[in-house]
Structures are given as C-alpha cells and as structure tokens.
Amino acid sequence: MYQYFYDLTGSVIISTLITAVFPLVNVLLVALIGVYLERKVSAWMQDRVGPNRTGPFGLFQTIADFLKMLQKEDATATDIDKKLYNIAPVLVFAGSFAVYAVIPFSSKLIGSEIEVGLFYALAVSSFVVAGILMAGWSSNNKYSLLGAMRSAAQIVSYEIPTALVVLAMVMFLGTLSLSKISEMQTAYFWNWNILGGAEFGLSKFLLIPFMLVGFIIIFISTLAEVNRTPFDIPEAESELVAGYFTEYCGMKWAMFMLSEYGNMFAVSAIVSILFFGGYQSPFGYLGNTLGINWLIPYEQAFWFILKGWFFIFVQMWLRWTLPRLRVDQLMTVCWKYLIPYAFVNLIIIGIITLL
Amino acid sequence: MKEYLKNTWLGIYTILVGMKITFKHLFTPAVTIQYPEVKLKLPERERNRLYVNIDDCIGCDQCARACPVSCITVDTVKSVPGEDLGTTSNGKKKALWVTNFTIDFAKCCYCQLCVFPCPTECIYMTDVFEFATYERKDLVYQFSNLSPEEAEQKKINFANFQAEKEKQKAAAAAVPKPENPSQPSTN
Amino acid sequence: MALKTETMVLNMGPQHPSTHGVLRLELEIEGELIVNVKPHLGYLHRCFEKHAEAMQYNQVIPYTDRMDYLASMGNNFGYVLAVEKLLGIQVPERVEYIRVIMAELQRIASHCVALGTNGADIGALTPFLYLFRDREYILSIIEETCGARMLYNYMWVGGLSHDIHPNFVRRTKEFTSYFKNTIVELDNLLTYNKIFIERTANIGVLPAETAINYGATGPMLRGSGIKFDLRKDDTYSIYNRFDFDIPVGQGLQGTVGDSWDRYYVRVREMEQSLRIIEQAIDQIPEGDVHSAIPKRIKPPKGTVYSRVENPRGELGYFIISDGNTNPFRVKVRAPSFVNLEILGELCKGHLIADVIAILGSIDIVLGEVDR
Amino acid sequence: MKTAEEIFEILKNELGEIILSIDKDTPTEPIISVEPLKIHIVSKFLRDNSELQFDSLMCLSGVDDANGKKVKDNEGYDVIEGGTLSVYYHLYSTVLKHKITLKVSAPREDAKVESVENVWKCADWHEREAYDMIGIKFLNHPDLRRILMPYDWEENSHPLRKDFKVPEFYQGMKIPY
C-alpha cells in the first residue's frame, strides 16, 4: 500500500500517513455504518422504521450518538482497579484494530503485506480476550466478572474450530499470506475456494461439499468470537445487564462498541478471503475490458467491501432471528459439534488435496 | 450417532426456516407510524382529558362523589333570589353558583365513572391526551368561570342574604303576625 | 488440598433488564450454578386491598384494572362476577357474550406479551415485536368500544360501561382470520427453533403433584400435564356453551412440565381462544347492556369467593360484605403471586441463564404479585 | 363431590371437638369454623382423607373482623380493643371437584394460628401476607417475614387492620408526600 501511494504521490510523508491512518479510518467507518445498519436492519425485520430523525433516513444517527458519547462524563465507580479499568477498552480496541493492518482491501490497498497474514489475524484477534478479562475483573462487578469469564471461555474454545478450518484451507492453498490467497482465486466466481478453488478437475467437485461445511463452521465460530447472537452470552442483556462492560460509560464504552463492529468486519473479511475470493470480482473486471488499468484496484476494493458487508448483514440477520444459547450449550456446540466436524473436514480436505 | 446428525440437521434447518421468515419481513412495510407528524384517529369513545362545560353545570357534586380517587373538587354557593343563573342546555334551572370546579389530572385515573352520573352531561372525556407540564400544579385545571373576587362576592352575597333572613325571622318571631314570606324555599 | 470455595450472592433486580417488572431476586450462585433463589416482592405494592375497603363497590373496578395490567378485562370479569354472586343478579345474555369475547381477546393479548417476553428473555427479540404488533390490533379493537387501551373499567356490576362499537364484530372477525398466520409464523420462528427448544426443554421441570401442592394454576398447571381449566371444570358465565379444548403439556420436546411445555400451552391456548371468539361473535343476541346495572350496590351480609380463569391462572376474589355500600374486605388471590412462589424450587440446580428462561415461562406481572 | 354439610358431618365425626360449627347463613357458601391451634390437623385430614382429597388451597385470607369495641387512644385515634382476627381457607379438590371454606378466629391481641405451610406449600406466601397485612402469627411457619411491606416497616404496624393509622414518617421520610 505504501508503495502504491508512493508511486501515486511521490511523497514519503503522505504515503506513510495514509498507510498508517487507513486502518483506523476503516474501523471508525465500519463502526459508524455498522451501528446504523444494525438499527435499520433490525427495524426492517421487525416491521419498524428505525432511526429517521437525524438527517435523511436518520443517516447521522450514529454520528450524533458519537458526539453524545464524547460529551459524557467519564464516571467511574469507587472500588475499581483504575489501571486495568482504563487499559481494558484500549486493549480491546487495539486488538480489533490491529487486524485491519493485514486485510487486503484490494491488490494494492493493504496495510502490511506480511507473509503470515492469516496467522497474524487469528493471533491478534484473540488478543481481545485479555482486554475483556481485564475489563470484567477490574470493574469489581459480579455481572462484569461473569461476563468476562464466559467470554474468555467462549473465545478460547472457538479458536479451535476456527484454527482447524484455517488449517484445512492452508493445507489446501499452501500459503498464509492473505493477499496470495486472494490472488489464487482469480477473477470469476467458479474459481473461489467455496467452489473448490481455481484448479479444474475431479477434486474441485469433490471438494465443494466439504468447503461448504468448512465455511459454515468458520462462520459460526467467528460469530462466536465476536460475541454476536446466538453466541452473545458474555453480554447477554437479559441475564448479565451488559456483561463485561456494565460499568463503562462514555468513550470507554464506545470503544467496546467500536471494537465489536470492527471485529465483525474483520472476521467477515477473513471469511470472504478464505472462501469467497477476497477482493476478486465474481464476473471479471471492467478495467480489463476497457483497458483502464488503474480502475482495477478500486473495483477490487468495491467487491471486497461488498462481500464484507454482506457477511455483516448475515450476522445481523442471524442476530435478529435467533435466541441466544446458554453457556454450557455454547461449549457443547463448540466441542461436541463444530470440532468433530472440523476434524473430519480437515482430514477429508487433506486427503482430497493429496490426491 | 443418528441422534447427533439429527440434532445438527434440525439446528441448521430451523435456523434457516427462521431466517426465511425474518427475510420476508425485510420487505413488509412498517406498521409503526411517525407519531408527532402522523396521528392515529382516535375513536369517539376515547377516554382522555376531562372537560367540563361549566355553563351546563348545576353544581350537584355527583361527579366528585363518583370519583374513586377524589380528584374532582366542586364548591358551590347558593344563589340569592333575584339573581339569574340561566338554564342549562337541557332546560334545567340552575340554582347554585359554582365557585370552584377543579380537576387534578395528576390524580385522575381516566375511569370515566364521573361522566355517567352527571344529570346535564356537562362533564365528559375528550380526545386530548398531550397535556404534559413541567409543574405538577399546572395539572390542576380550574373549570369555574367565576374569578376569585366574584366567587368571594357571591359568598358575601349569600352570607348577607342569610343574615337578612335570620333578621327577618327574628323580627317575625318578635312580632308574630301572619306574614307570607316572599323568599323561595331552600334552593 | 481442596481449594476453598464459597458461594456468591448475585442481586438481580429490582431494575434488571429482564425481571418482569420490579422484582428482586437474590441468587446464591456457585460459579454459574444456582444454589438458592430468594424473591423479594413489594416494590409495586399499591395497597389495592386497603383502597378497596374505602371505595364503593363500583369504584373498586378501576383499581382491579391495575393489578394484572396486561389482562385487565379478566380482572374486571372476576370482580364483577363475585359481586354479582353476592347480589344475586342475573345479567342479560348480550352482556355475557360480550364479556366472554372481551375476556378471550384479552387472553390472546396477554399471551402475546407472555410469549414475546419469554422469547425476548432468551434473546429472540423479533417475535416479541411481531406479537406486540398483533396485541396492538386487539387493543385498538377494545379501545374503539370502551375508550381505553389498558385500564378499561369496562365490565360493571350487572352490565357493561358501553355497548359494543358498531365496528366491533367486523374487526374482531378480521382479527381472528388474520391472527392465525401469526401463530404459524411464531411456531416457525420461535416455538420449534432448535436453540429455543434447547434453552427451554427440560428446564424448570414442574411435576404435576408439586404444581398442585404449590397452588399453581393456569398455563403453569396445564404445562405440567393436568387438564384443569376453570372455564370447563368450574364453569362460569356462559363458557359451557362453547366448544373448545384444553391444551396440556405433553413433553413433546423434553419432560412434561418443563418451560417449553408452559410456553407451548400458551401458544395453543391462543388458538382455542380464537375458536371461542369465532363461536361467540356470531351469536351475540340483541339487548340492552345497561338494564341490569343496579342503581346502588348494597349487597347483603356475607362472604363470597369467586374465581375466574385469567390468562395467568386462577384469579380469585374473596369479598366480605358487612351490608354497607363499601366492601368490608377484598382479598385477591392473584395467580402470579402464587405461581411465583415456585420459582425457587424450579431454579435449583440450573444456571443463571435458566432463571431468566424459567421466569419468562412462569409469566408474572408484578402489578398483580404486589397488588 | 360432597356438599359442605356432608363434609362438616365427616369432620365432626372424625375430629370432634376441634371443629366448632358451621355457618350456613351466608348467601353463597357455608363456612366451617375450626379451632385456630388445631387447623393443621384438620388440614392434613382434609388433604389425606380419600373421601375428601382437598389437594389444593385456593386462597388463604387474613381478615380483621373489627368486632371489638372502639376506644380512643391518648392521641385521639380510634383503636379497636378485643374481638378477633380471622383466617379464611378456601379449599378445592382437583380430583373430586368440591369446595369448602374453613375459618379460624384468634383473639386480636395475641393472634396465633397454626401454619398449614407443610400441608399446602402454597400457603407459605399467603401466610406471610396475612402476617404482614393483618398481624396474625403463624406458628411453625418456616420463614415468617414481611412480604409486601418493607422489611424494616415498624413492628406491630399492620396496614390492613381496620384501626391502622398511617404513620407520619418512614425512615425519616414524610409519608403523605
């Protein structure tokens, strides 16, 4: 990305600045639009109108909320562990924000093109759990504590099916670099991994059902990792008020919210990179047909963002359809269902790849 | 094993069924209305703020007695002969000055029990439901059209009249003579 | 060496996002496991019984509305039946029919809230809003007739406050045909959802004998598999003229008497209420609804205990009259009050999340628990 | 299915002295009076007897009979002295579908009634309510605390008594706002 902007502007400072600020802007934008979209989607699903007072169609609702949040008094309870309490939201936010560094928005728009991007994303996103535990413990509130404990157990367990599916994909693709994975599923949707990858042959058709299973497993477990319904038990509002961030208010609370929506996009991005061709267009590029080369990265970014938002929409869709699971059932789903399926899937994909 | 697979299938299938329903609802129009701009037409029997048509009130106090929360206060003063209070719309002759008719809407429970006993149908429920105020005392509505001075005057009038009557009675007692008193019987 | 552990006390309520109204639960927990539940009541105590002693008989009716504010018609119905029994009044046919239709409409509206909040407690917010949309429909039908949406003061001793609105019959028919779709939709969206079943089946199992001993009534009792409904078993008003079934919990997804059964009984009960309405709406005879209202209610000395099947269970009024225009004593046997007593028993050994599911399936209204 | 008279006969034969009388003068249902300190025996009998099977307690209500004489206390308020407080039990048999009403009366100054909590669990909260509102003490009740009023409400102040005087202050707060 640095290289791209350096070529474009010829200035070290501007290109460095853009590269550095790009993920942050992304997280903020995702949260702004995400909160708005969540409200609208839930409203439409429930035969309501949703926010419509601030600006046309209530478009500025989230901005108004952020302004309100900024003005709020930073109230803290007396018996809390001040240091941990203050660090926790930053840590949680940093965790979700850091993932954006490696997400390839297009072949050119990528913060840092590291070779182990997938591994990095998985590692960094599970970093959040430390922040959540800190928040829950330092709040000195029983609800927060219970929420944090649930969250720790949940995120740690769901790492395993995620990792297993990722492992299967890595075996199949032979690389950990997110941009390379995207590149492998070049234009046209039949080259996507969900449809058996780019190579054409018998294995492609054999792979399709298992890829589908892999996709479902990773989608469910990433859903759990970002604490969305039906796995939102750490913050189950009817049981634990707001879970680990019960005691937070103002901007600190907003940081938890930001990271939640940031995370949603991050995991959607990873799912779409792994299975749905990343930034690749399903129907080829307009830039290629017209012979305008500079258009291609923007087209790619468009497709990538579209895919990301589509998965966010599915997450919302699920949230407003389903009830939430209980703690032990959550573990049951993970250990008794997802992990066995993921293992079987791993083995079969491995065998087919070997053949 | 069969149970296990069945559970997996049921989980996925019922989730998909649910998703189908919510997806359909994405495209159904909203049932909510935009309240301050759009208002529902309230049915004619709507029970909201009470209104008293004081011109029709005869001060019979029946509404105040029917009220389970005692939010209606009616004070009356008898008229003196010669004063014309007019008639109610259904032709009843009024005989009492209603000096004070207040309803405390902070207490009112909108049960409509005060409406039925009214003989002149002067107290009734309207469809006004937006009357929030900043002060609780603003919810006490005064329906009497007499100013406090006038009300005071009426009381004095009646007291004077009463005193006059007493005097006459005393005089009549002192001088026993067959006299036909001109004042009407008690109002 | 064994690690020293101790239980933790978690305070839920009085202002907790999911306790239905201002109920405070003191949960003694071991990790997430419930050791003991202690309900604390009285946050919504409004002295109904003391008030009633200072009121005339007809002035008590607006107060009964405010007990179970989700089923005010049922409350009115029970009270007027008790006073009529004391007075020995026979009300006109038309009044009986309208009362039954109103009470059944109210039952559907009340179950809508019960099922919706049960789902919402477990995390499914969307069915809640669909059900509220339909409850709104019922409320607007009732509003057109009596002018109020929740606190009706509609049934009077010996009659009704208003005759039905000219639109009433048409709109009720529209509603009954329309509402069947909602029940189907609800079944697909929530009742048979695997996650919902997992959350409620085998949770809070209430065996039949315990249920009777604890005095549980209404869907609580029927969920435990006992076919007991006051509308059939101790019939009042004109319920014996209608043909309807009593749904009972059969343990379709787990044990008989679990939370899912209680939920399921409510869903099926809405269907039966629709059946009653459909039968009654065509038979409303002509007549005057005010003719039997006594000018002055002054019952003879004596006591009466009269009960009706409210959406939440058996609502009983025990009235002592000393021959005055005011009741000497009115005691209400509130179904929620009695049903809530079992909560501690049901929750033992379950998880925190289950407390919410069980509480939702008991379906209490704190206005009635505290009165 | 048995009428109240038949049930009264059975009770009288089986339990004798404890059962006091039957009041058939009420417009609706007859009431059987029972000795307050023996009510648990009667209850157990009613529940377990195969002819009666009263397995459900519909309602338990405490009542201030206000049949003592009215005296003015030193502040000029009416206070009732003497007389009784009563508890009414409405029983129902879900099997045999018959009903019965029992009544016990205890002296107002020291109202003690035996608890039926171990016969019908349902009586637990009803008895707490009767204690809270009327001030009837239920002997052998496992957890006789106030239920609807605050736990720190003034001792011996029971709001549903006919001579209840609204206190001016509760915990330093003025009560009639």
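The values are calculated or read from the model by the stated rules, or taken from the named source; none is laboratory data. Not measured: the values here are computed from a predicted model. When we count neighbours, we look across all protein chains shown, and the Cβ atoms used for this are built from the backbone with ideal geometry, even at glycine. These area figures cover heavy atoms from the full protein model, side chains too; ligands, DNA and RNA do not enter into them. Shrake-Rupley method; radii C 1.70, N 1.55, O 1.52, S 1.80 Å.
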Worksheet entry | Candidates D:100, D:32, D:39 - the one that is crowded, with 18+ Cβ neighbours inside 10 Å and away from chain C (no Cβ under 14 Å) | D:39
Worksheet entry | Test for residue C:370: is it farther than 30 Å from residue A:330 by Cβ, in contact (Cβ under 8 Å) with a residue 24 or more places away in the chain, in contact with a helix residue (DSSP H, G or I) (Cβ under 9 Å, 6 or more places away or on another chain) and within 13 Å of another protein chain (Cβ to nearest Cβ) | yes
Worksheet entry | Hey, residue C:338 away from every other protein chain (no Cβ under 11 Å), open to solvent by less than 10 Å² (accessible area, probe 1.4 Å) and out of contact with any Lys or Arg (no Cβ under 6 Å at 6 or more places or on another chain) or not | no
Worksheet entry | residue C:12 vs. criteria touching a strand residue (DSSP E or B) at 6+ places or on another chain (Cβ under 6 Å), within 14 Å of chain A (Cβ to nearest Cβ) and crowded, with 22+ Cβ neighbours inside 10 Å | yes
Worksheet item: Looking at D:128, D:145, D:161, which is the one that is of a type outside the set (Phe, Trp, Tyr), within 12 Å of chain C (Cβ to nearest Cβ) and more than 29 Å from residue D:45 (Cα to Cα)?
Response: D:161
Worksheet entry | Residue selected from region B:1-28 under the condition among the aromatic types (Phe, Trp, Tyr) and more than 9 Å from chain C (Cβ to nearest Cβ), by the criterion nearest to residue A:318 (Cα to Cα) | B:23
Worksheet, complete the sentence: Okay, helices (runs of 4 or more DSSP H) sitting entirely in region A:1-107 with 1 or more residues that are closer than 30 Å to residue A:274 by Cβ and among the hydrophobic types (A, V, I, L, M, F, W, C), I get A:2-9, A:12-45, A:82-99
Discussion item. When the residues of region C:341-362 are narrowed to those that are within 17 Å of residue A:146 (Cβ to Cβ) and not hydrophobic (A, V, I, L, M, F, W, C), which ends up farthest from the other protein chains (Cβ to nearest Cβ)?
Written reply: C:350
Worksheet item: Failed condition for residue B:117, given (1) more than 13 Å from residue B:48 (Cβ to Cβ); (2) in a loop (DSSP other than H, G, I, E, B); (3) out of contact with any Cys (no Cβ under 7 Å at 6 or more places or on another chain), with all others met?
Response: (3)
Item to complete: Could you tell me which of the residues B:43, B:68 is under 30 Å from residue C:127 (Cβ atoms), open to solvent by less than 40 Å² (accessible area, probe 1.4 Å) and not in a helix (DSSP H, G or I)?
Response: B:43
Discussion item. Given the condition touching a helix residue (DSSP H, G or I) at 6+ places or on another chain (Cβ under 9 Å) and surrounded by fewer than 10 Cβ atoms within 10 Å (Cβ to Cβ), answer yes or no: does some residue in region B:16-37 qualify?
Written reply: yes
Worksheet item: In region C:131-165, which residues are within 14 Å of chain A (Cβ to nearest Cβ), open to solvent by less than 10 Å² (accessible area, probe 1.4 Å) and either at positive phi or not charged (D, E, K, R) (or both)?
Response: C:131
Item to complete: Go through (1) under 30 Å from residue A:321 (Cβ atoms); (2) surrounded by 18 or more Cβ atoms within 10 Å (Cβ to Cβ); (3) at pLDDT below 85 one by one and return the number of the condition residue A:57 breaks.
Response: (2)
Worksheet, complete the sentence: For helices (runs of 4 or more DSSP H) lying entirely in region C:261-371, having 3 or more residues that are hydrophobic (A, V, I, L, M, F, W, C) picks out C:335-340, C:343-347, C:352-362
Item to complete: Give the residue that is farthest from the other protein chains (Cβ to nearest Cβ), with candidates limited to residues of region A:297-344 that are surrounded by 18 or more Cβ atoms within 10 Å (Cβ to Cβ) and hydroxyl-bearing (Ser, Thr, Tyr).
Response: A:341
Discussion item. Condition first: more than 30 Å from residue D:49 (Cα to Cα), in a strand (DSSP E or B) and within 14 Å of chain C (Cβ to nearest Cβ). Can you find one or more residues in region D:68-75 that meet it?
Written reply: no
Discussion item. Show the residue pairs meeting these rules: Cβ distance below 7 Å; 6+ apart or different chains; first residue within region C:30-48 and among the small types (Gly, Ala, Ser); second residue open to solvent by 80 Å² or more (accessible area, probe 1.4 Å) and part of a loop (DSSP other than H, G, I, E, B).
Written reply: none
Worksheet entry | Test for residue A:47: is it open to solvent by 30 Å² or more (accessible area, probe 1.4 Å) and out of contact with any Pro (no Cβ under 7 Å at 6 or more places or on another chain) | no
